[in-house]
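A.B. asks: The structure's right below; bear with me while I get my questions together.
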Amino acid sequence: MSYAFRPLWPALLALGLLAAASAFAAAPLPQAHAHNDYEHARPLLDALDHGFVSIEADVFFIEGQLHVAHHRPKTLDPARTLTKLYLEPLAARIKANGGRVYPGYDGPFYLMIDFKTGGPETYARLRTELEPFRDLLRHPATGRGGPVTIFISGGKARPFYAILSDPQAPVALDGTPEELGLGIPANVCPVVSVAYGKVLAWRGEGEPTPEETARLRTLVRDAHAEGKKVRLWAAPQTERVWTWLLDQGVDLLNVDDLARLQAFLAGRAAAARG
């Protein structure tokens with residue numbers, strides 16, 4: 001009788017790399033949102049290496065799969081699906097970190113999925129893809145579960161009523177300012193997002209007008225009263241604007257330059273410590 005032995009070194013090497021990555025993990029940055037994360041050289045992983053706690057992925061439902069891209073892809077790459085780029089790597093990392101995205105971090109971690117295709121088929125496919133990863137997900141109806149909260153963006157493509165009417169929905173909603181005051185709980189709508197230009201015309205030169213400041217503070221006040229975070233997308237990506245937004249109570253800074261925001265937030269935290 002003969003036996004075929006599979007070499008153990010690839011698995012041991014993988015475990016060693018995961019352990020090393022955990023040991024040198026970046027400090028989590030609760031204000032950091034990676035806009036269009038999939039456009040980085042290493043989707044998800046680059047953002048995690050810089051401490052981001054909110055990640056954005058756009059998806060198209062094409063030929064039975066959720067493909068990650070900003071524009072509808074002309075050719076389909078099986079390595080660039082939601083499962084391959086985000087769900088499987090997150091699952092491996094959480095397992096390596098004993099149930100957490102970052103070692104010792106119990107704060108929220110968000111995966112924002114922006115639907116680029118609408119209709120019930122996209123949501124149905126997402127639910128199917130999430131089924132093997134349910135232990136990783138925080139359940140919107142109860143606020144309990146794993147460390148990852150998924151919320152769905154996409155404007156008219158959002159399955160708004162499907163999620164609200166489903167007590168077993170595995171995902172939450174990305175809210176809008178117009179939906180504040182409707183009684184939607186924060187577990188079901190953890191973040192309120194709006195285009196920067198709809199609230200502010202200020203681009204970082206001079207000072208924002210009193211009217212702009214009041215408009216933003218009202219949004220922040222109303223969102224925080226419901227336990228929700230505020231994110232402004234398409235904001236100017238400068239330290240001056242970031243400082244002012246944080247000072248007004250904005251919770252998530254929507255950025256493309258991961259290293260620049262990490263350095264800014266690290267400097268701000270050091271200054272606060274004195």
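Each reported figure results from applying straightforward, stated rules to the coordinates on display, with no laboratory input. Nothing here was measured: the structure is a model prediction, and the numbers come from that model. Note: ideal-geometry Cβ built from the backbone for every residue, glycine included; neighbour counts use all protein chains shown.
A.B. asks: About its Cα centre, what dipole magnitude does the stretch 26-267 give when the only charges are +1 on Lys and Arg Cβ and -1 on Asp and Glu Cβ, stated in debye to the nearest 20?
C.D. replies: Dipole about the Cα centre, nearest 20: 360 debye.
A.B. asks: Okay, next question. Counting only helical runs of four or more DSSP H residues, what would the 222 nm mean residue ellipticity of the chain come to if each run contributes -39,500 (n - 2.57) and the total is spread over all its residues? Walk me through the intermediate numbers first.
C.D. replies: On the way: 9 runs with 90 residues, N = 274.
About -9500 deg cm²/dmol.
A.B. asks: Quick one: what does P(r) look like for the stretch 75-158 with 5 Å bins over all Cα pairs, in whole %?
C.D. replies: With a bin width of 5 Å, the distribution comes to 3, 13, 22, 25, 20, 10, 5, 1, 0.
A.B. asks: Also, quick follow-up: Does a label point 7 Å from the Cα of Ala41, set along Cα-to-beta-carbon, have any residues of the stretch 255-271 with amide nitrogen under 15 Å, and which are they?
C.D. replies: The answer is 257-260, whose backbone nitrogens lie closer than 15 Å to the label point.
A.B. asks: Out of residues 5 or more away from Asn36 or on other chains, whose amide H comes under 5 Å of its own, with H placed 1.01 Å from N in the peptide plane?
C.D. replies: Answer set, sorted by chain and number: Glu56.
A.B. asks: So between Lys84 and Ala201, what do we pick up on full extension, going 0.36 nm a residue minus the alpha carbon distance? Please list the in-between numbers first.
C.D. replies: Details: separation 117, 0.36 × 117 = 42.12 nm, distance 3.88 nm.
Roughly 38.2 nm would be gained on extension.
A.B. asks: Rounded, prolate or oblate for the stretch 202-274? Axes are the square roots of the Cα gyration tensor eigenvalues, ordered a ≥ b ≥ c, and the cut-off for rounded is a/c under 1.5.
C.D. replies: Prolate.
A.B. asks: For the stretch 26-160, give the magnitude of the charge dipole about the Cα centre (Cβ charges: +1 Lys/Arg, -1 Asp/Glu; no others), in debye to the nearest 20.
C.D. replies: In total the dipole reaches around 260 debye.
A.B. asks: Now for a separate question. From the list (1) 11; (2) 39; (3) 20, can you say which value of percent of Cα pairs over 34 Å apart was derived from the structure given?
C.D. replies: (3)
A.B. asks: Shifting gears a bit: Please list, or write none, the lysines whose alpha carbon is within less than 18 Å of the alpha carbon of Lys198, excluding same-chain residues fewer than 8 places away.
C.D. replies: Candidates past the 8-residue exclusion: Lys156, Lys229.
A.B. asks: Determine, from the Cβ-Cβ distance of Thr75 and Glu121 and an R0 of 22 Å, the FRET efficiency 1/(1 + (r/R0)^6), rounded to the nearest 0.05.
C.D. replies: Efficiency, from the Cβ-Cβ distance: 0.55.
A.B. asks: If you take the beta carbon distance between Tyr161 and Thr128 as r and set R0 to 25 Å, what does 1/(1 + (r/R0)^6) give as a FRET efficiency, to the nearest 0.05?
C.D. replies: On the way: r = 20 Å, r/R0 = 0.79.
Here the calculated transfer efficiency is 0.80.
A.B. asks: Please enumerate, by chain and number, the aspartates and glutamates with C-alpha under 20 Å from the C-alpha of Lys95, excluding those fewer than 8 residues away in the same chain.
C.D. replies: Correct list for Lys95: Asp46, Asp49, Asp106, Glu129, Glu131, Asp135.
A.B. asks: While we're looking at this one, here's another question. Hey, what do the phi angles of the stretch 40-55 turn into as Karplus ³J(HN,Hα) couplings, whole Hz, using 6.51/-1.76/1.60 and θ = phi - 60°, x for Gly and Pro?
C.D. replies: Taking θ as phi minus 60°, the curve returns 6, 4, 10, x, 6, 5, 4, 5, 5, 5, 9, x, 6, 10, 9, 10 Hz for the stretch 40-55.
A.B. asks: Roughly what % of DSSP beta bridges within the stretch 26-267 run antiparallel, to the nearest 5?
C.D. replies: 20
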